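What follows is one structure encoded as structure tokens, with my remarks underneath.
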Amino acid sequence: MQEPYSWFVLYVKSNTEQRVVEDVKRAFSSYKLDYGFEPFCPETEKYYRGAAAKKSGAAYRKRPLFPGYIFIETDMPQNEFLREFSTYLYNSEDIIRVLRQGASGDIALPLQERKRLEYLLKGKRCLEHSVGYYVGDSVRVEAGALVGCEGLIIYIDRHNRFAVIEVDMFGSKAKARVALEIVGKKDA
């Protein structure tokens, strides 16, 4: 999408993310507005082990990055978005609310926060698994979405091959589980 555009975030009932994405797409297409509009649920890969994963050949499967949230990428101004969709948003059984930024009440995700998420998602709407090493007491990610973002990692579970990262969203911290495989140690 061409700049300027925004990401709006909807808080939805758990396990309804994909259904809400499809419902929002249908609702927007019925309004016939001259704006780009793409609802999506950012995803991450999760590592699965066991017989079923080996049999299917899919050790990594996709799941929501932020369960309970969907994002809408649009070049529609936020006031017009609220005016056009307020009835739809209010009447939806699955949408709880539109997230807002603190005292300003803006519904657009701040530019720096959007850019960080775009960097992590690499334009794919999915934060793919990463591979890294321990170097002393720290982690160095050498492949995948977390390359250069080691500072976001707050916890690593080597056995289950995931890390918890913390990113800014509307001025507060949001945590997400992402696939990270630590393959060994290297000397500094």
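When residues in region 132-181 are screened for being under 14 Å from Tyr47 (Cβ atoms), in a strand (DSSP E or B) and of a type in the set (D, E, K, R), 3 of them pass.
For region 56-79, residues that are in contact (Cβ under 8 Å) with a residue 40 or more places away in the chain and of a type in the set (D, E, K, R) total 3.
Scanning region 164-181 for residues that are under 25 Å from Leu10 (Cα atoms) and of a type in the set (A, V, I, L, M, F, W, C) turns up Val164, Ile165, Val167, Met169, Phe170, Ala174, Ala176, Val178, Ala179.
Just one of the listed residues (Glu113, Glu118) is among the acidic types (Asp, Glu) and without any contact (Cβ under 8 Å) to a residue 12 or more places away in the chain, and it is Glu118. When Ile70, Ile96 are checked against the criterion of being farther than 27 Å from Glu3 by Cα and hydrophobic (A, V, I, L, M, F, W, C), Ile96 stands alone in meeting it. Of all the listed residues (Ile96, Ile72), the sole one being under 17 Å from Pro42 (Cβ atoms) and not in a loop (DSSP other than H, G, I, E, B) is Ile72.
Here, each number is a calculation from the coordinates, and none is a lab measurement. Because the structure is predicted, anything quoted here is derived from the model rather than measured. Positions of Cβ are generated from backbone atoms using ideal geometry, with glycine treated the same way; all protein chains shown enter the neighbour counts.
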